[in-house]
Amino acid sequence: MFNAITHSQIYVLDQDEALDFYVGKLGLEVNADVDLGFMRWLTVNVPGHPDRQILLERPGPPAMSEETAAQVRELVTKGATGGSLIFSTDNCRTTYETLLARGVEFTDEPTERPYGIDCGLRDPFGNNIRFTEPKGQG
């Protein structure tokens, strides 16, 4: 049976802007950037962890018609596609300060929770991102 999750996918409206955000601001690294002709296969991962990639996919053909893609793009902008990423960090407050200095806009500041310290932001397209310092770290 299955032994790993290797790829997850979120929709982005502009893959170059997504690279700037996910690599330039969040500090992820490019795993693959391949022009397949019918689409651009663009994945990123946490540095040193290429076994778990995030596909930054632009809604469109061949996966969907242009009409459907336009509807999906509208939903992405509203944050209504369910696209969500959760990262872990050794120090939530330090990561928050680092990303704030890089111009990242947050929806939630670091907050103590039963499971640790966590905060939230959205990418430029409306996808929800959280990162957590699990209880007992830091």
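The values are calculated or read from the model by the stated rules, or taken from the named source; none is laboratory data. Here the structure is a predicted model, which means the values were calculated and not measured. Please note: Cβ atoms are built from the backbone with ideal geometry, for glycine as well, and neighbour counts cover all protein chains shown. Each accessible area value is taken on the protein alone, full model and side chains, heavy atoms only, with ligands, DNA and RNA left out. Shrake-Rupley method; radii C 1.70, N 1.55, O 1.52, S 1.80 Å.
Name the residues in the stretch 24-78 that are under 24 Å from Asn3 (Cα atoms) and in contact with a Lys or Arg (Cβ under 8 Å, 6 or more places away or on another chain), would you?
Once the filter is applied, which keeps residues that are under 24 Å from Asn3 (Cα atoms) and in contact with a Lys or Arg (Cβ under 8 Å, 6 or more places away or on another chain), the stretch 24-78 yields Asn45, Val46.
Regarding the stretch 80-91, can at least one residue be identified that is closer than 20 Å to Arg58 by Cα and in contact with a Ser or Thr (Cβ under 6 Å, 6 or more places away or on another chain)? Break it down stepwise before answering.
The initial filter retains those residues of the stretch 80-91 that are closer than 20 Å to Arg58 by Cα, namely 80-85.
From what is left, the residues that are in contact with a Ser or Thr (Cβ under 6 Å, 6 or more places away or on another chain) are none.
Among the residues of the stretch 80-91, not one is closer than 20 Å to Arg58 by Cα and in contact with a Ser or Thr (Cβ under 6 Å, 6 or more places away or on another chain), which makes the answer no.
Give the stretch 1-34 a look and list any residue that's among the polar types (S, T, N, Q) and assigned to a loop (DSSP other than H, G, I, E, B), or say none. Talk me through it step by step, then tell me what you get.
Kept after step one, since they are among the polar types (S, T, N, Q), are these residues of the stretch 1-34: 3, 6, 8-9, 15, 31.
Within the stretch 1-34, Asn3, Thr6 meet the criteria.
Show me the strands (runs of 3 or more DSSP E) entirely contained within the stretch 79-138 in which 2 or more residues are under 20 Å from Gln9 (Cβ atoms).
Numbers: elements: 84-88, 106-113, 116-122, 128-134.
Those strands (runs of 3 or more DSSP E) span 84-88, 116-122, 128-134.
For the stretch 90-120, enumerate the residues that are free of Cβ contacts under 8 Å to residues at least 60 places away in the same chain and of a type in the set (D, E, K, R).
Asp90, Arg93, Glu97, Glu105, Asp108, Glu109, Glu112, Arg113, Asp118
Can you tell me how many residues within the stretch 6-30 are open to solvent by 60 Å² or more (accessible area, probe 1.4 Å) and more than 24 Å from Leu75 (Cβ to Cβ)?
Residues flagged as open to solvent by 60 Å² or more (accessible area, probe 1.4 Å) and more than 24 Å from Leu75 (Cβ to Cβ) within the stretch 6-30 amount to 3.
Determine which single condition Ser84 fails, assuming it passes every other condition in (1) among the polar types (S, T, N, Q); (2) surrounded by fewer than 16 Cβ atoms within 10 Å (Cβ to Cβ); (3) free of Cβ contacts under 8 Å to residues at least 24 places away in the same chain.
Looking at each condition in turn, Ser84 falls short on (3).
For a quick check of your reading of the model, give me the residue pairs whose first member lies in the stretch 11-32 and is touching a residue at least 24 places away in the same chain (Cβ under 8 Å), whose second is open to solvent by less than 50 Å² (accessible area, probe 1.4 Å) and acidic (Asp, Glu), with beta-carbon atoms closer than 6 Å and at least 6 apart or on different chains.
From the stretch 11-32, the pairs are Tyr11/Glu57; Phe21/Asp123.
Looking at the stretch 35-51, is at least one residue of a type in the set (Gly, Ala, Ser) and touching a residue at least 12 places away in the same chain (Cβ under 8 Å)? Let's see the steps before the verdict.
So the first thing to find is which residues in the stretch 35-51 are of a type in the set (Gly, Ala, Ser), and the list is 37, 48.
Imposing the further condition that a residue be touching a residue at least 12 places away in the same chain (Cβ under 8 Å) reduces the set to none.
Scanning the stretch 35-51 turns up no residue that is of a type in the set (Gly, Ala, Ser) and touching a residue at least 12 places away in the same chain (Cβ under 8 Å).
What number of residues within the stretch 35-76 satisfy the criterion of being open to solvent by less than 90 Å² (accessible area, probe 1.4 Å) and not in a loop (DSSP other than H, G, I, E, B)? Lay out the reasoning, then the answer.
Taking the stretch 35-76 first, the residues open to solvent by less than 90 Å² (accessible area, probe 1.4 Å) are 36-37, 39-48, 50, 53-57, 59-65, 68-70, 72-73, 75-76.
Within this subset, residues satisfying the condition of being not in a loop (DSSP other than H, G, I, E, B) are 40-45, 53-57, 68-70, 72-73, 75-76.
Matching residues across the stretch 35-76 total 18.
Do you know which residues across the stretch 120-138 are within 12 Å of Ser88 (Cβ to Cβ) and hydrophobic (A, V, I, L, M, F, W, C)?
Residue satisfying the conditions is Phe131 alone.
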